[in-house]
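The values are calculated or read from the model by the stated rules, or taken from the named source; none is laboratory data. This one's a predicted model, so the numbers in the text were calculated from it and none came from an experiment. Using ideal geometry, Cβ is built from the backbone for each residue, glycine included, and neighbour counts are taken over all protein chains shown. Keep in mind that these areas ignore ligands, DNA and RNA; they rest on the heavy atoms of the full protein, side chains included. Shrake-Rupley method; radii C 1.70, N 1.55, O 1.52, S 1.80 Å.
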Amino acid sequence: MARDFRSILIEAAGEMGLALTQAHIALFEAYRETLLLWSGKMNLVSLQSELDLPVRHVIDSLTLLPYLPAGPGTLLDIGSGAGFPAIPVKIFRKDLHVTLLEASRKKCSFLKEVIRRLGLRDMTVLNCRLEELLKMDPRPSFDRIISRATLKLPELVELGVPLLKPGGVLAAMKGPGFETETASLNSAENKNFRVVGNYSFTLPLTGDHRHIILVDKPG
(Lines give C-alpha, C1' and ligand atoms only; values in the text may rest on other atoms or scores of the structure.)
Protein backbone atom coordinates (compact mmCIF):
# COMPACT_ATOMS: atom_id res chain seq x y z
CA MET A 1 0.00 0.00 0.00
CA ALA A 2 1.31 3.44 -0.94
CA ARG A 3 2.43 5.62 1.94
CA ASP A 4 2.17 9.37 2.15
CA PHE A 5 5.00 11.87 2.19
CA ARG A 6 4.43 12.91 5.80
CA SER A 7 4.53 9.41 7.34
CA ILE A 8 7.66 8.43 5.39
CA LEU A 9 9.38 11.70 6.35
CA ILE A 10 8.56 11.27 10.06
CA GLU A 11 9.73 7.63 10.12
CA ALA A 12 12.98 8.37 8.27
CA ALA A 13 13.72 11.39 10.48
CA GLY A 14 13.08 9.26 13.57
CA GLU A 15 15.60 6.66 12.39
CA MET A 16 18.13 9.49 12.10
CA GLY A 17 17.35 10.72 15.60
CA LEU A 18 15.97 13.94 14.16
CA ALA A 19 12.94 15.48 15.87
CA LEU A 20 10.51 17.03 13.39
CA THR A 21 8.12 19.61 14.81
CA GLN A 22 4.69 20.28 13.30
CA ALA A 23 6.12 23.54 11.95
CA HIS A 24 8.92 21.64 10.19
CA ILE A 25 6.45 19.16 8.68
CA ALA A 26 4.18 21.96 7.45
CA LEU A 27 7.11 23.66 5.71
CA PHE A 28 8.27 20.42 4.08
CA GLU A 29 4.74 19.72 2.85
CA ALA A 30 4.49 23.22 1.36
CA TYR A 31 7.88 22.66 -0.27
CA ARG A 32 6.64 19.36 -1.72
CA GLU A 33 3.45 20.96 -3.09
CA THR A 34 5.42 23.74 -4.80
CA LEU A 35 7.93 21.29 -6.24
CA LEU A 36 5.24 19.02 -7.67
CA LEU A 37 3.39 22.01 -9.14
CA TRP A 38 6.50 23.33 -10.89
CA SER A 39 7.69 19.90 -12.00
CA GLY A 40 5.09 20.09 -14.77
CA LYS A 41 6.96 23.07 -16.21
CA MET A 42 10.59 21.91 -15.87
CA ASN A 43 12.80 19.01 -14.85
CA LEU A 44 13.53 19.59 -11.16
CA VAL A 45 14.06 16.17 -9.59
CA SER A 46 13.53 12.57 -10.63
CA LEU A 47 10.73 10.97 -8.60
CA GLN A 48 10.44 7.27 -9.40
CA SER A 49 9.50 6.01 -5.93
CA GLU A 50 7.46 7.23 -2.96
CA LEU A 51 10.75 7.28 -1.01
CA ASP A 52 12.55 9.60 -3.43
CA LEU A 53 11.33 13.00 -2.23
CA PRO A 54 11.06 12.44 1.55
CA VAL A 55 14.19 10.28 1.93
CA ARG A 56 16.54 10.65 -1.05
CA HIS A 57 16.09 14.42 -1.20
CA VAL A 58 14.79 15.87 2.10
CA ILE A 59 16.36 13.47 4.60
CA ASP A 60 19.52 13.20 2.51
CA SER A 61 19.84 17.01 2.74
CA LEU A 62 19.39 16.92 6.52
CA THR A 63 22.30 14.50 6.96
CA LEU A 64 24.44 17.65 6.69
CA LEU A 65 23.17 19.11 9.97
CA PRO A 66 25.67 17.42 12.35
CA TYR A 67 28.59 18.64 10.23
CA LEU A 68 27.69 22.32 10.05
CA PRO A 69 29.29 24.45 12.78
CA ALA A 70 26.85 25.83 15.33
CA GLY A 71 25.97 29.49 15.49
CA PRO A 72 24.91 32.12 12.97
CA GLY A 73 26.87 32.60 9.78
CA THR A 74 26.75 32.69 6.00
CA LEU A 75 26.25 29.61 3.84
CA LEU A 76 26.61 29.14 0.08
CA ASP A 77 24.91 26.24 -1.73
CA ILE A 78 26.68 25.58 -5.04
CA GLY A 79 24.35 24.30 -7.75
CA SER A 80 21.10 24.51 -5.80
CA GLY A 81 18.86 23.05 -8.51
CA ALA A 82 15.54 22.25 -6.82
CA GLY A 83 16.84 23.57 -3.48
CA PHE A 84 18.53 20.50 -2.05
CA PRO A 85 20.28 20.53 0.34
CA ALA A 86 20.04 24.23 1.26
CA ILE A 87 16.29 24.65 1.76
CA PRO A 88 15.85 21.67 4.12
CA VAL A 89 18.95 22.84 6.01
CA LYS A 90 17.54 26.37 6.26
CA ILE A 91 14.24 25.04 7.65
CA PHE A 92 16.24 23.67 10.60
CA ARG A 93 18.92 26.36 10.78
CA LYS A 94 17.10 29.68 10.78
CA ASP A 95 20.28 31.34 12.09
CA LEU A 96 22.07 30.90 8.76
CA HIS A 97 22.05 33.47 5.96
CA VAL A 98 21.84 31.23 2.92
CA THR A 99 22.83 32.02 -0.68
CA LEU A 100 21.55 29.69 -3.40
CA LEU A 101 23.79 29.64 -6.47
CA GLU A 102 22.03 28.35 -9.59
CA ALA A 103 22.84 28.88 -13.28
CA SER A 104 19.34 28.10 -14.60
CA ARG A 105 17.02 31.12 -14.66
CA LYS A 106 13.93 28.89 -14.52
CA LYS A 107 15.21 27.05 -11.46
CA CYS A 108 16.02 30.38 -9.82
CA SER A 109 12.39 31.42 -10.35
CA PHE A 110 11.30 28.18 -8.67
CA LEU A 111 13.66 28.73 -5.74
CA LYS A 112 12.35 32.27 -5.21
CA GLU A 113 8.79 30.93 -5.21
CA VAL A 114 9.67 28.29 -2.60
CA ILE A 115 11.29 30.93 -0.39
CA ARG A 116 8.22 33.15 -0.74
CA ARG A 117 5.69 30.39 -0.07
CA LEU A 118 7.58 29.03 2.93
CA GLY A 119 8.25 32.49 4.36
CA LEU A 120 11.97 31.83 4.72
CA ARG A 121 14.12 34.81 5.66
CA ASP A 122 17.77 35.64 5.03
CA MET A 123 17.87 33.71 1.76
CA THR A 124 19.35 35.02 -1.50
CA VAL A 125 19.08 33.44 -4.95
CA LEU A 126 22.00 34.15 -7.32
CA ASN A 127 21.42 33.38 -10.99
CA CYS A 128 25.00 32.84 -12.16
CA ARG A 129 27.72 30.24 -12.56
CA LEU A 130 30.35 29.52 -9.95
CA GLU A 131 33.10 30.87 -12.23
CA GLU A 132 31.23 34.20 -12.48
CA LEU A 133 30.95 34.41 -8.70
CA LEU A 134 34.71 34.02 -8.41
CA LYS A 135 35.25 36.98 -10.76
CA MET A 136 33.05 39.38 -8.77
CA ASP A 137 34.77 42.42 -7.28
CA PRO A 138 34.71 42.35 -4.36
CA ARG A 139 34.55 38.56 -4.28
CA PRO A 140 32.02 37.31 -1.71
CA SER A 141 33.12 34.96 1.05
CA PHE A 142 31.20 32.53 3.23
CA ASP A 143 31.55 30.75 6.57
CA ARG A 144 30.21 27.50 5.12
CA ILE A 145 29.83 26.09 1.62
CA ILE A 146 27.74 23.04 0.72
CA SER A 147 27.21 21.19 -2.54
CA ARG A 148 25.31 18.04 -3.38
CA ALA A 149 26.57 15.94 -6.31
CA THR A 150 27.26 18.91 -8.57
CA LEU A 151 30.99 19.02 -9.39
CA LYS A 152 33.75 16.44 -9.09
CA LEU A 153 35.43 16.85 -5.71
CA PRO A 154 38.78 18.28 -6.93
CA GLU A 155 36.99 20.91 -9.06
CA LEU A 156 34.57 21.75 -6.26
CA VAL A 157 37.43 22.30 -3.83
CA GLU A 158 39.51 24.27 -6.34
CA LEU A 159 36.64 26.66 -7.09
CA GLY A 160 34.94 26.61 -3.70
CA VAL A 161 37.82 27.15 -1.26
CA PRO A 162 38.60 30.67 -2.59
CA LEU A 163 35.05 31.61 -1.53
CA LEU A 164 35.55 30.35 2.03
CA LYS A 165 36.45 32.69 4.84
CA PRO A 166 39.57 31.68 6.80
CA GLY A 167 38.44 28.97 9.20
CA GLY A 168 35.44 28.18 6.99
CA VAL A 169 34.23 24.69 6.08
CA LEU A 170 33.15 23.19 2.74
CA ALA A 171 30.91 20.09 2.85
CA ALA A 172 30.67 17.96 -0.30
CA MET A 173 27.82 15.44 -0.45
CA LYS A 174 28.59 12.38 -2.57
CA GLY A 175 27.04 9.07 -3.57
CA PRO A 176 28.83 5.81 -4.46
CA GLY A 177 32.07 5.91 -6.46
CA PHE A 178 33.53 9.01 -4.87
CA GLU A 179 36.79 7.32 -3.80
CA THR A 180 38.74 8.21 -6.95
CA GLU A 181 37.75 11.85 -6.49
CA THR A 182 39.06 11.81 -2.93
CA ALA A 183 42.31 10.16 -4.01
CA SER A 184 43.01 12.86 -6.60
CA LEU A 185 42.15 15.52 -4.02
CA ASN A 186 44.62 14.08 -1.52
CA SER A 187 47.38 14.07 -4.13
CA ALA A 188 46.88 17.75 -5.05
CA GLU A 189 49.87 20.01 -4.60
CA ASN A 190 50.00 23.56 -3.19
CA LYS A 191 47.03 22.91 -0.98
CA ASN A 192 45.23 25.88 0.54
CA PHE A 193 42.82 23.52 2.29
CA ARG A 194 42.71 20.50 4.61
CA VAL A 195 40.47 17.43 4.42
CA VAL A 196 39.13 17.35 7.97
CA GLY A 197 36.39 14.73 7.70
CA ASN A 198 35.21 11.85 5.53
CA TYR A 199 31.97 10.26 6.72
CA SER A 200 30.03 7.33 5.23
CA PHE A 201 26.50 6.26 6.15
CA THR A 202 23.28 4.81 4.73
CA LEU A 203 19.99 6.60 4.33
CA PRO A 204 17.07 5.26 6.38
CA LEU A 205 14.46 3.07 4.62
CA THR A 206 16.38 2.97 1.32
CA GLY A 207 19.81 1.80 2.50
CA ASP A 208 21.42 4.06 -0.11
CA HIS A 209 25.10 4.78 0.57
CA ARG A 210 26.08 8.42 1.08
CA HIS A 211 29.29 10.25 1.93
CA ILE A 212 30.12 13.71 3.27
CA ILE A 213 33.64 15.05 2.81
CA LEU A 214 34.61 18.09 4.87
CA VAL A 215 37.33 20.50 3.80
CA ASP A 216 38.41 23.59 5.72
CA LYS A 217 40.43 26.68 4.95
CA PRO A 218 43.00 27.20 7.69
CA GLY A 219 42.78 30.63 9.29
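Residue check: Leu151 meets all listed conditions (1) hydrophobic (A, V, I, L, M, F, W, C); (2) in contact with a strand residue (DSSP E or B) (Cβ under 8 Å, 6 or more places away or on another chain); (3) not in a loop (DSSP other than H, G, I, E, B) but one, namely (3). Any chance region 167-189 includes a residue that's open to solvent by 50 Å² or more (accessible area, probe 1.4 Å), over 22 Å from Val45 (Cα atoms), assigned to a loop (DSSP other than H, G, I, E, B) and modelled with pLDDT under 95? Looking through region 167-189, at least one residue is open to solvent by 50 Å² or more (accessible area, probe 1.4 Å), over 22 Å from Val45 (Cα atoms), assigned to a loop (DSSP other than H, G, I, E, B) and modelled with pLDDT under 95. Of the residues making up region 122-136, those that are open to solvent by 60 Å² or more (accessible area, probe 1.4 Å) and within 17 Å of the chain's Cα centre (by Cα) number 3.
Restricting attention to region 61-102, the residues that are open to solvent by 10 Å² or more (accessible area, probe 1.4 Å) and part of a helix (DSSP H, G or I) total 4. Among the listed residues Arg117, Arg144, Arg139, identify the single one that is open to solvent by less than 50 Å² (accessible area, probe 1.4 Å), of a type outside the set (A, V, I, L, M) and either in contact (Cβ under 8 Å) with a residue 24 or more places away in the chain or out of contact with any strand residue (DSSP E or B) (no Cβ under 7 Å at 6 or more places or on another chain) (or both). None of the others qualify; the one that does is Arg144.
Matching residues to (1) farther than 28 Å from Lys106 by Cα; (2) touching a residue at least 40 places away in the same chain (Cβ under 8 Å):
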residue	(1), (2)
Ala12	yes, yes
His24	no, yes
Glu29	no, no
Leu36	no, no
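Screening Leu151 on (1) within 30 Å of Ala183 (Cβ to Cβ); (2) without any contact (Cβ under 8 Å) to a residue 40 or more places away in the chain; (3) within 15 Å of the chain's Cα centre (by Cα) shows it passes everything except condition (2).
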